[in-house]
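S.K.: What follows is a structure written as structure tokens; I'll ask about it next.
The values are calculated or read from the model by the stated rules, or taken from the named source; none is laboratory data. These numbers come from a predicted model, not from an experiment. Note: ideal-geometry Cβ built from the backbone for every residue, glycine included; neighbour counts use all protein chains shown. Ligands, DNA and RNA are stripped out before the accessible areas are found, and what is left, the full protein with its side chains, is counted by its heavy atoms. Shrake-Rupley method; radii C 1.70, N 1.55, O 1.52, S 1.80 Å.
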Amino acid sequence: MKKRMLALLLAGIMVLSATACGNSGVSSKDPGTANPSTPDQGQQEETTKTEAQVGIEVFPEDQGPPPADAPVGGQVVIGISPGSLSPDMMSGWSNGATNSGFLDLMSGYSLATYDRNNVYMLDPVVVKDHEIIKNEDGSKTYRFVINENLKWSDGTPITAKDYVFNLLLCSSPEYVACEADAMTGWALVGFEEHNTGAAKEFAGVRLLGDYEFSLTIKASELPNYFELANVGYGPMPLHAIAPGADVKDDGNGAYMTEEFTEDLIRKTLLDPETGFRYKNPVVSGPYKLKSIDLTTETVTLEINEEYIGTYDGTKPHIQTVISKPVATETMRDEFEKGNIDFYSAGSGEKIDAALTKVESGEMKANYGIVPGTRITEIRFQCDFGPTQFEEVRRAVAYITDRDELSKQLTGGYGKTIDCYATEASSNYLAIKDQLEPQLIHYSYDIEKAKQELINGGWTLNENGQEFQEGVDKYRYKMVDGELMKLKIEVACGEDEYSKLYNTVIPPEAEKIGMEWKYTTMDFALQLNHMNRDGVDLTYHVYFCSVGMPEILFFWYIFDDNPETVALWNPYYISDPELKAIAKEMQKIEPENTDAFREKYGEFQKLFNKKLPGLPMEFGVSYSFFNPKLKNCVPRAYAGWSDLVLDSYIEE
């Protein structure tokens, strides 16, 4: 379970680098600006097709599979941050942001997938037939029949056993012994018993035939608006990871035969020369691993010829994908020289500089404007100290000039947000016009900040007497019979966001009788404090970048169950109202979108009032790419791996 929390917090405290917002630059939809200077007729005739398609802005509606006659071949080079490449080439271990793109390209044939509108759905390439059965005990069974034309990269057919094996392997005590994240299938009946070794069978996972199996979701996890995410698993190659072992089912749930042992999978998974963790030799995705060199931080992928495509027929057309370590400060230069094929600018200064070069012709690139899928936030710890009180959290909001801070940090491209969402989210966009006027837009207001503190009982001085402005420096409050000082301890890094926040906020805090004390530390130590792992409970505030995926389990993030709060709830908030409305969202049936969005709006209004975290802003990034890449359309929730899969090369 620790690995689950680690993954959550890694997503929550990523280095703060806001993306930008705007729609400037040369646009393919504006013929008047696409070619600022008009060449003479002779020069026009000599203009190549590629040159005519440089400096173009592409739009999300342009996306789609490559054309049927698109050529196959060429290579694309991906710039990665030096030191960021992990040796792990299989999911289950320390897969960071760098590795995730390569892993995505090597993974395929999950039962469910996102379509191009970010709708999560069953994949017809995989699922031939399915049935949903509501059981008398309140559980729900998904029965799947898969297509018989799927193959692993080594040509071995993919069968039902491979899907069942994934559930059995990645929830087993043997997998735990390999120090892997063994939480696969956590929402299914019988998970705990199988995970702890109390039962060899996984009761909620049934093998029903060569190409048929079923998964049963626990009654305690239902109804669940996002329940499909609890069954949308992919396959694992049984023949390669557990050679000699088999998957059986005698009627009480699927299980592994006795040949499946810890020693067996230690060899097939962890051998440094051949193990799946490091070499991933048999895959189901559009690409397979050709080589990895940790010394030069070079990963090379090549097309998996056995891959038959995504739900809409998209197949890989770029023959080779290669990584190249590039320092952040030289990333644009390397892109401009043609040494890497993608460059993303997420701050105003970088965006303006890149656009200027594109428009002048100095940098050959096309680009797309990508809505941000993350927000920056001031994250409060809501279970101890002054920040356990919502009045204090709102007071911090009123002394923080979010609009001005966003302008300074993003060069005017960012947008202040007042709730737990970004404009990339379909649910937020659907109700945005109705929701935004009902939200409090916290802007700089010292008097409102003071009033929040007075309303919250912060009316005493260090001697327990009435606080007097101009005489007493800090406010106190009587809490459980003792005076509590209004002192906020902050843990942060040395990034530009932290530096600006800690320059601007402390003097404003002093004006309302609050002490704002910050301590800079490295990422690992911040993570230890956020995890509360071997450290004293000290810090009330962290500066975070928070991912906002389309599927977000609000009901776990804001649950105060003592058994799970450390796993899911990064705010450590125990608020009956937030918890109740999040649970109501969970219990809406998957097909009832209108009802979910109504509750989603109510949740956002309550979050805006309670402020377990203070949303600062989200932005957009300008994603530049080599003009040789055709059919490349940067968009929300699409990483570089998605763009590679969509693209083909015309030199």
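S.K.: For segment 202-251, take the alpha-carbon Rg, divide it by the Kirkwood Rh, and send me Rg/Rh. Present the calculation step by step, with values, prior to reporting the outcome.
M.R.: Working: Rg = 13.4 Å, Rh = 13.0 Å.
That ratio is 1.03, to two decimals.
S.K.: Further question: State the Cα centre-to-centre distance between segment 127-176 and segment 619-651 in whole Å.
M.R.: Between the Cα centre of segment 127-176 and that of segment 619-651, the gap is 32 Å.
S.K.: So, one more: Quick one: putting +1 on the C-beta of Lys and Arg, -1 on the C-beta of Asp and Glu, what dipole do you get for the chain around its Cα centre, in Debye to the nearest 20? Could the numbers behind the result be given before it?
M.R.: Details: 59 positive and 101 negative charges, 111 e Å.
The dipole magnitude comes to about 540 debye.
S.K.: Expressed as a whole number of Å, what is the distance separating the alpha-carbon centroids of segment 546-585 and segment 452-473?
M.R.: For segment 452-473 versus segment 546-585, the Cα centre distance is 33 Å.
S.K.: In addition: Would you kindly derive the ³J(HN,Hα) couplings of segment 415-424 from the backbone phi angles with the Karplus curve 6.51 cos²θ - 1.76 cosθ + 1.60 (θ = phi - 60°), listing them in order in whole Hz, with x for Gly and Pro?
M.R.: Along segment 415-424, the couplings run 9, 5, 10, 10, 8, 8, 6, 10, 6, 7 Hz.
S.K.: Can you list the lysines whose alpha carbon is less than 18 Å from that of LYS248, not counting same-chain residues fewer than 8 positions off?
M.R.: LYS161, LYS200
S.K.: Next up: Given q = 0.05, 0.08, 0.12 Å⁻¹, what are the Debye log10 I(q)/I(0) values for the chain, with equal point scatterers placed on the Cα positions and solvent ignored?
M.R.: Debye curve over Cα of the chain, log10 I(q)/I(0) at q = 0.05, 0.08, 0.12 Å⁻¹: -0.26, -0.66, -1.39.
S.K.: For the chain, what does the accessible surface come to per residue with a 1.4 Å probe? Please give it in Å².
M.R.: On the way: 27380 Å² over 651 residues.
Per-residue accessible area for the chain comes out at 42 Å².
S.K.: If I take every Cα pair under 8 Å that is 6 or more residues apart in the chain, average their sequence separation and divide by the length, what percent do I get for the relative contact order?
M.R.: Contact order relative to length: 22 percent.
S.K.: Something else now. Over what distance in Å are the Cα centres of segment 347-414 and segment 264-297 separated?
M.R.: Each part's Cα centre sits 38 Å from the other's.
S.K.: Right, here's the next one. Quick one: pull the percent of accessible area on segment 192-310 belonging to carbon and sulfur, 1.4 Å probe, ligands and nucleic acids left out. Working shown, then result.
M.R.: On the way: 2310 of 4990 Å².
Carbon-and-sulfur percentage of accessible area, whole number: 46.
S.K.: Let me ask something else about it. Farthest toward the dipole's positive end in the chain, which of PHE144, GLY83, LEU270, given Cβ charges of +1 (Lys, Arg) and -1 (Asp, Glu) about the Cα centre?
M.R.: Of PHE144, GLY83, LEU270, it is GLY83.
S.K.: Another question about this same structure. Ordered by residue, what ³J(HN,Hα) values in Hz, to whole numbers, does segment 235-251 give under the Karplus form 6.51 cos²θ - 1.76 cosθ + 1.60, where θ = phi - 60° and Gly and Pro are x?
M.R.: x, 10, x, 3, 5, 9, 8, 10, x, x, 9, 9, 9, 10, 8, 9, x
S.K.: So how exposed is ILE322, as accessible area in Å² (1.4 Å probe, rounded to 10)?
M.R.: My reading of the accessible area for ILE322 is about 40 Å².
S.K.: Report the Cα-based extents of segment 205-289 along its three principal axes, largest first, to the nearest Å.
M.R.: That works out to 45, 31, 24 Å along the principal axes.
S.K.: Got the relative contact order for segment 100-229 handy, in percent, Cα pairs under 8 Å and 6 or more residues apart?
M.R.: 23 percent
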